[in-house]
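Student: Below are the structure tokens for one structure; questions will follow.
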Amino acid sequence: MGSPVHPAVGQAKRLLESRLAYRWTLTELAGGLHLAPGYLVRLFRSAAARPPMANLAQLRAEHAATLLLQLHTDELSVVQDGGVVTEVHPRGA
């Protein structure tokens, strides 16, 4: 078993996840948790193998990918359900 994860890591992750679009700084995030920025980085690296801002970048990328997949699915379903195209040719061509 690994060492227990510091509660601040979970708190920081929840903060970041709840406000993905916010322009977080390490200083602001650490300050909100009443920790020094360097200490928060060390805690994150020991628990998540990356610093908090890299974790935020990954969360944002995953969120963007999910949105793109949803958008693609919605567009595809609109096209298919609306009979706009069959394969690569317009219907009736």
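Student: Kindly indicate whether any position in segment 38-52 is modelled with pLDDT of 95 or more and surrounded by fewer than 12 Cβ atoms within 10 Å (Cβ to Cβ).
Tutor: yes
Student: Given (1) surrounded by 14 or more Cβ atoms within 10 Å (Cβ to Cβ); (2) part of a helix (DSSP H, G or I); (3) modelled with pLDDT of 95 or more; (4) of a type outside the set (Ser, Thr, Tyr), identify the lone condition not met by LEU56.
Tutor: Looking at each condition in turn, LEU56 falls short on (3).
Student: Can you tell me which residues in segment 6-28 are in contact (Cβ under 8 Å) with a residue 24 or more places away in the chain and surrounded by 14 or more Cβ atoms within 10 Å (Cβ to Cβ)?
Tutor: We begin by selecting, within segment 6-28, every residue in contact (Cβ under 8 Å) with a residue 24 or more places away in the chain; these are 6, 8-9, 12-13, 16-17, 20, 24, 26.
Passing the criteria: HIS6, ALA8, VAL9, ALA12, LYS13, LEU16, TRP24, LEU26.
The values are calculated or read from the model by the stated rules, or taken from the named source; none is laboratory data. Just so it is clear, the model here is predicted, and its values are computed rather than measured. Note that each Cβ is placed from the backbone with ideal geometry, even for glycine, and that neighbours are counted across all protein chains shown.
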